[in-house]
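The values are calculated or read from the model by the stated rules, or taken from the named source; none is laboratory data. The structure displayed is predicted, hence computed values, not measured ones. Methodologically, a virtual Cβ is constructed for each residue, glycine included, from the backbone with ideal geometry; neighbour enumeration extends over all protein chains shown.
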Amino acid sequence: ALLDEGKVVLGVLACPNLSLGSIGNLNGGSSGDQVGALFSATIGCGAEVESLQGSPAQKISVCSIDNPVEASFFESYEGAHSLRDLTGSIAEKLGVQAPPVRIDSQAKYGALARGDGAIYLRFPHKGYREKIWDHAAGSIVVTEAGGLVTDASGNDLDFSKGRFLDLDTGIIATNKQLMPSLLKAVQDAIKEQNQAASPL
């Protein structure tokens, strides 16, 4: 990613194991799919994907799903990287019926940007500090594909404060149609989690 005064202006994601075809609700592409996707985005110019073998770049956009029941969501493959109880609660509050699609790395951002899924939820364990290099390139690829990437309160991610993102909670990404209901579900689930953790 390239930052200019704390704002991401260019992002490139090389995902050598990500199928060039949609991964949709699957835990990977079909065995015949070509793998190796290169995503790129420049501020104000949209987002593109091409194969790592050099196929012509194609414009991509986030999905247009506006009903959470039809949505699927991405989360980290490794349970140690995410609060799965919280992401499960958020999905339930939204009415998401599909099981989570679990993949690691910024490949989740690329898959979301090309419309393979509707939502990305990232809620690390308490005390973990998100590094900007884990999110900067992915965030511009999603936003230039027409999506939104925010913290759990709906604020834009702030890449201007050094190596770490100062977040109290997590990161969410989706399309503009789903963001209002996603934010409400996230805030309700966090509130319930905090109440359950607090002594009466």
Assigned to a loop (DSSP other than H, G, I, E, B), on the phi > 0 side of the Ramachandran plot, of a type in the set (Ser, Thr, Tyr) and at pLDDT below 95 - does that describe any residue in the stretch 98-105? yes
Log entry, pairs with first residue in the stretch 136-164 being under 14 Å from Val9 (Cα atoms), second being buried (at least 19 other Cβ atoms within 10 Å of the Cβ) and of a type in the set (Phe, Trp, Tyr), beta carbons closer than 6 Å, six or more apart or on different chains, reads Ala136/Phe159; Gly138/Tyr109; Val141/Phe39; Val141/Tyr109; Val142/Tyr109
Looking only at the stretch 111-126, which residues are out of contact with any Gly (no Cβ under 7 Å at 6 or more places or on another chain) and more than 16 Å from Ser76 (Cβ to Cβ)? Arg114, Gly115, Ala118
Options Ala107, Ala57: the member that is hydrophobic (A, V, I, L, M, F, W, C) and surrounded by fewer than 18 Cβ atoms within 10 Å (Cβ to Cβ): Ala57
Number of the exception - Ala196 against (1) part of a strand (DSSP E or B); (2) surrounded by fewer than 17 Cβ atoms within 10 Å (Cβ to Cβ): (1)
Breaking point among (1) surrounded by fewer than 20 Cβ atoms within 10 Å (Cβ to Cβ); (2) in contact with a strand residue (DSSP E or B) (Cβ under 9 Å, 6 or more places away or on another chain); (3) modelled with pLDDT of 95 or more, for Leu178: (1)
